[in-house]
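Below: one structure, written as C-alpha coordinates.
The values are calculated or read from the model by the stated rules, or taken from the named source; none is laboratory data. None of these values were measured; they are calculated from a predicted model. Reconstructed Cβ throughout: ideal geometry from the backbone, glycine too, with neighbour counts over all protein chains shown.
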Amino acid sequence: MKIFIDSGDVGEIREAQAMGAIDGVTTNPSLLAKAGKPTNEVIAEICEIVDGPISAEVIATDTDGILREGRELVKIHPNVVIKVPLIAEGIKAVKTFTDEGIKTNATLCFSAPQALLAAKAGATYVSPFVGRLDDIGVDGMELIEQIVTIYDNYDFETEVLTASVRNTTHFIRAALMGSHVATVPFKVIKQLLEHPLTDKGLAQFLEDAKKIPKS
Ligand code: G3P
(Lines give C-alpha, C1' and ligand atoms only; values in the text may rest on other atoms or scores of the structure.)
Protein backbone atom coordinates (compact mmCIF):
# COMPACT_ATOMS: atom_id res chain seq x y z
CA MET A 1 0.00 0.00 0.00
CA LYS A 2 1.30 3.43 -0.89
CA ILE A 3 1.40 6.01 1.90
CA PHE A 4 0.60 9.64 1.19
CA ILE A 5 0.83 12.35 3.82
CA ASP A 6 -2.36 14.37 4.31
CA SER A 7 -0.91 17.79 5.05
CA GLY A 8 -0.29 21.35 3.90
CA ASP A 9 2.59 21.82 6.34
CA VAL A 10 5.89 21.77 4.45
CA GLY A 11 7.84 21.24 7.70
CA GLU A 12 6.10 17.98 8.51
CA ILE A 13 6.08 16.90 4.86
CA ARG A 14 9.89 17.36 4.82
CA GLU A 15 10.21 15.30 8.03
CA ALA A 16 8.01 12.47 6.72
CA GLN A 17 9.96 12.49 3.46
CA ALA A 18 13.23 12.14 5.42
CA MET A 19 11.75 9.05 7.12
CA GLY A 20 11.38 7.51 3.65
CA ALA A 21 7.75 6.98 4.55
CA ILE A 22 5.80 8.73 1.86
CA ASP A 23 4.94 8.20 -1.78
CA GLY A 24 2.81 11.30 -2.30
CA VAL A 25 0.86 14.13 -0.67
CA THR A 26 -2.80 15.10 -0.41
CA THR A 27 -3.96 18.56 0.58
CA ASN A 28 -7.36 20.18 0.95
CA PRO A 29 -8.49 23.79 1.44
CA SER A 30 -8.75 23.34 5.23
CA LEU A 31 -5.15 22.08 5.44
CA LEU A 32 -3.86 24.81 3.10
CA ALA A 33 -5.66 27.54 5.08
CA LYS A 34 -3.36 26.64 7.99
CA ALA A 35 -0.26 27.17 5.80
CA GLY A 36 -1.08 30.90 5.54
CA LYS A 37 0.33 31.19 2.00
CA PRO A 38 -1.27 31.11 -1.48
CA THR A 39 -2.13 27.58 -2.65
CA ASN A 40 0.10 27.69 -5.74
CA GLU A 41 3.14 28.63 -3.62
CA VAL A 42 2.57 25.83 -1.09
CA ILE A 43 1.89 23.23 -3.81
CA ALA A 44 5.06 24.28 -5.68
CA GLU A 45 7.07 23.94 -2.47
CA ILE A 46 5.59 20.48 -1.75
CA CYS A 47 6.43 19.36 -5.31
CA GLU A 48 10.06 20.22 -4.64
CA ILE A 49 10.09 18.03 -1.52
CA VAL A 50 8.20 14.93 -2.68
CA ASP A 51 8.59 13.29 -6.07
CA GLY A 52 5.15 11.69 -6.29
CA PRO A 53 1.48 12.55 -6.83
CA ILE A 54 0.51 15.80 -5.08
CA SER A 55 -3.25 16.39 -4.80
CA ALA A 56 -4.42 20.01 -5.00
CA GLU A 57 -8.13 20.72 -4.63
CA VAL A 58 -10.28 23.05 -6.70
CA ILE A 59 -12.59 25.56 -5.02
CA ALA A 60 -15.05 26.05 -7.90
CA THR A 61 -18.23 23.97 -7.87
CA ASP A 62 -19.29 24.39 -11.52
CA THR A 63 -17.70 22.31 -14.29
CA ASP A 64 -16.20 25.24 -16.22
CA GLY A 65 -14.76 26.77 -13.07
CA ILE A 66 -13.33 23.41 -11.94
CA LEU A 67 -11.73 22.90 -15.37
CA ARG A 68 -10.27 26.41 -15.36
CA GLU A 69 -8.78 26.01 -11.86
CA GLY A 70 -7.50 22.50 -12.52
CA ARG A 71 -5.76 23.48 -15.76
CA GLU A 72 -3.95 26.27 -13.84
CA LEU A 73 -2.99 23.94 -10.97
CA VAL A 74 -1.39 21.36 -13.29
CA LYS A 75 0.88 24.08 -14.66
CA ILE A 76 2.61 24.20 -11.26
CA HIS A 77 4.22 20.76 -11.69
CA PRO A 78 3.60 17.58 -13.73
CA ASN A 79 3.01 15.64 -10.48
CA VAL A 80 -0.06 17.70 -9.52
CA VAL A 81 -3.30 15.69 -9.29
CA ILE A 82 -6.56 17.66 -9.38
CA LYS A 83 -8.81 16.96 -6.44
CA VAL A 84 -12.46 17.35 -7.44
CA PRO A 85 -15.55 17.00 -5.21
CA LEU A 86 -17.86 14.09 -6.03
CA ILE A 87 -20.80 16.17 -7.19
CA ALA A 88 -22.50 16.15 -10.63
CA GLU A 89 -20.53 19.18 -11.88
CA GLY A 90 -17.34 17.63 -10.49
CA ILE A 91 -17.77 14.27 -12.18
CA LYS A 92 -18.19 16.00 -15.56
CA ALA A 93 -14.91 17.79 -14.94
CA VAL A 94 -13.23 14.49 -13.95
CA LYS A 95 -14.33 13.01 -17.29
CA THR A 96 -12.91 15.99 -19.23
CA PHE A 97 -9.65 15.99 -17.23
CA THR A 98 -9.31 12.25 -17.93
CA ASP A 99 -9.78 12.85 -21.67
CA GLU A 100 -7.07 15.54 -21.47
CA GLY A 101 -4.66 13.21 -19.65
CA ILE A 102 -4.90 15.18 -16.37
CA LYS A 103 -4.86 13.04 -13.23
CA THR A 104 -7.71 13.43 -10.75
CA ASN A 105 -8.61 12.56 -7.18
CA ALA A 106 -12.39 12.32 -6.71
CA THR A 107 -12.82 13.53 -3.16
CA LEU A 108 -15.48 13.68 -0.44
CA CYS A 109 -16.57 10.12 -1.27
CA PHE A 110 -19.01 8.68 1.26
CA SER A 111 -20.72 5.88 -0.71
CA ALA A 112 -20.00 2.98 -3.05
CA PRO A 113 -22.20 4.37 -5.88
CA GLN A 114 -20.22 7.63 -5.79
CA ALA A 115 -17.00 5.60 -6.08
CA LEU A 116 -18.41 3.59 -8.98
CA LEU A 117 -19.28 6.77 -10.89
CA ALA A 118 -15.84 8.23 -10.14
CA ALA A 119 -14.24 5.14 -11.68
CA LYS A 120 -16.50 5.28 -14.74
CA ALA A 121 -15.45 8.92 -15.28
CA GLY A 122 -11.84 7.74 -15.20
CA ALA A 123 -10.69 9.22 -11.88
CA THR A 124 -7.11 8.31 -11.05
CA TYR A 125 -7.96 8.08 -7.33
CA VAL A 126 -11.12 8.00 -5.27
CA SER A 127 -10.95 9.32 -1.69
CA PRO A 128 -13.46 7.74 0.73
CA PHE A 129 -13.37 9.65 4.06
CA VAL A 130 -13.43 6.90 6.67
CA GLY A 131 -12.99 9.01 9.82
CA ARG A 132 -15.88 11.30 8.95
CA LEU A 133 -18.16 8.26 8.47
CA ASP A 134 -17.05 6.92 11.86
CA ASP A 135 -17.96 10.34 13.29
CA ILE A 136 -21.61 9.80 12.30
CA GLY A 137 -21.71 6.25 13.62
CA VAL A 138 -21.03 4.40 10.34
CA ASP A 139 -18.02 2.07 10.02
CA GLY A 140 -15.99 3.95 7.41
CA MET A 141 -13.77 0.94 6.72
CA GLU A 142 -16.77 -1.06 5.47
CA LEU A 143 -16.97 1.42 2.61
CA ILE A 144 -13.32 0.71 1.73
CA GLU A 145 -14.10 -3.01 1.60
CA GLN A 146 -17.08 -2.39 -0.71
CA ILE A 147 -15.17 -0.14 -3.09
CA VAL A 148 -12.14 -2.45 -3.29
CA THR A 149 -14.49 -5.36 -4.11
CA ILE A 150 -16.45 -3.41 -6.74
CA TYR A 151 -13.29 -2.14 -8.44
CA ASP A 152 -11.84 -5.67 -8.44
CA ASN A 153 -15.07 -7.14 -9.84
CA TYR A 154 -14.91 -4.91 -12.90
CA ASP A 155 -11.15 -4.31 -13.23
CA PHE A 156 -11.45 -0.55 -12.75
CA GLU A 157 -8.05 1.17 -12.76
CA THR A 158 -9.07 3.88 -10.29
CA GLU A 159 -7.05 3.54 -7.10
CA VAL A 160 -8.75 3.50 -3.71
CA LEU A 161 -7.16 6.22 -1.58
CA THR A 162 -8.33 5.76 2.01
CA ALA A 163 -8.68 9.29 3.44
CA SER A 164 -9.71 10.89 6.72
CA VAL A 165 -7.47 8.36 8.44
CA ARG A 166 -7.50 9.10 12.15
CA ASN A 167 -5.64 6.16 13.72
CA THR A 168 -3.37 3.18 13.12
CA THR A 169 -6.37 0.81 13.02
CA HIS A 170 -7.77 2.64 9.98
CA PHE A 171 -4.35 2.32 8.38
CA ILE A 172 -3.81 -1.38 8.97
CA ARG A 173 -7.39 -2.27 8.01
CA ALA A 174 -6.94 -0.32 4.76
CA ALA A 175 -3.79 -2.33 4.00
CA LEU A 176 -5.50 -5.64 4.83
CA MET A 177 -8.44 -4.76 2.56
CA GLY A 178 -6.18 -3.95 -0.38
CA SER A 179 -6.67 -0.18 -0.49
CA HIS A 180 -4.08 1.05 -3.00
CA VAL A 181 -3.19 4.13 -0.96
CA ALA A 182 -3.81 5.56 2.50
CA THR A 183 -3.35 9.26 3.09
CA VAL A 184 -2.29 9.78 6.66
CA PRO A 185 -1.78 12.86 8.87
CA PHE A 186 1.79 13.23 10.16
CA LYS A 187 0.68 12.52 13.73
CA VAL A 188 -0.61 9.09 12.66
CA ILE A 189 2.49 8.39 10.51
CA LYS A 190 4.58 8.79 13.68
CA GLN A 191 2.16 6.55 15.63
CA LEU A 192 2.69 3.79 13.04
CA LEU A 193 6.23 3.45 14.36
CA GLU A 194 5.36 3.44 18.05
CA HIS A 195 5.23 0.32 20.20
CA PRO A 196 5.69 0.19 23.99
CA LEU A 197 7.76 -3.02 23.73
CA THR A 198 10.17 -1.25 21.35
CA ASP A 199 10.66 1.54 23.92
CA LYS A 200 10.94 -0.92 26.80
CA GLY A 201 13.37 -3.16 24.90
CA LEU A 202 15.53 -0.21 23.88
CA ALA A 203 15.65 1.12 27.46
CA GLN A 204 16.79 -2.33 28.66
CA PHE A 205 19.44 -2.62 25.93
CA LEU A 206 20.82 0.83 26.78
CA GLU A 207 20.89 -0.06 30.50
CA ASP A 208 22.69 -3.37 29.83
CA ALA A 209 25.12 -1.68 27.45
CA LYS A 210 26.50 0.26 30.45
CA LYS A 211 27.64 -3.07 31.93
CA ILE A 212 29.75 -4.02 28.90
CA PRO A 213 33.45 -3.63 29.80
CA LYS A 214 35.28 -0.95 27.81
CA SER A 215 38.12 -2.21 25.57
O1 G3P B 1 -7.78 15.28 2.84
C2 G3P B 1 -9.03 14.71 3.04
C3 G3P B 1 -9.21 13.99 4.36
O4 G3P B 1 -8.13 13.14 4.62
C5 G3P B 1 -9.59 14.88 5.52
O6 G3P B 1 -9.53 14.21 6.75
O7 G3P B 1 -9.55 14.25 9.22
O8 G3P B 1 -10.41 16.25 7.94
O9 G3P B 1 -11.71 14.13 8.01
P10 G3P B 1 -10.35 14.75 8.05
Hey, among 138, 148, which residue is assigned to a loop (DSSP other than H, G, I, E, B) and of a type outside the set (Ser, Thr, Tyr)? 138
Would you point out the residue of the range 99-111, among those that are crowded, with 18+ Cβ neighbours inside 10 Å and away from the ligand (no atom under 15 Å from the Cβ), that is nearest to the chain's Cα centre (by Cα)? 103
Residues to consider are 29, 38; find the one that is touching a Ser or Thr at 6+ places or on another chain (Cβ under 9 Å), surrounded by fewer than 16 Cβ atoms within 10 Å (Cβ to Cβ), over 22 Å from residue 160 (Cβ atoms) and not hydrophobic (A, V, I, L, M, F, W, C). 29
Checked against (1) in contact with a Gly (Cβ under 7 Å, 6 or more places away or on another chain); (2) within 20 Å of residue 26 (Cα to Cα), residue 134 satisfies every condition except (2)
Being in contact (Cβ under 8 Å) with a residue 60 or more places away in the chain, surrounded by 11 or more Cβ atoms within 10 Å (Cβ to Cβ), within 30 Å of residue 12 (Cα to Cα) and more than 16 Å from the ligand (Cβ to nearest atom) is true for just one of 163, 175. Which residue is that? 175
Among the candidates 67, 108, 31, single out the residue that is in contact (Cβ under 8 Å) with a residue 12 or more places away in the chain, of a type outside the set (Lys, Arg) and touching a helix residue (DSSP H, G or I) at 6+ places or on another chain (Cβ under 8 Å). 67
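Quick grid of which residues meet (1) at pLDDT 95 or above; (2) of a type in the set (A, V, I, L, M); (3) in contact with a Gly (Cβ under 7 Å, 6 or more places away or on another chain); (4) closer than 19 Å to residue 21 by Cβ:
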position	(1), (2), (3), (4)
148	yes, yes, yes, no
151	yes, no, no, no
155	yes, no, no, no
178	yes, no, no, no
181	yes, yes, no, yes
195	yes, no, no, yes
208	yes, no, no, no
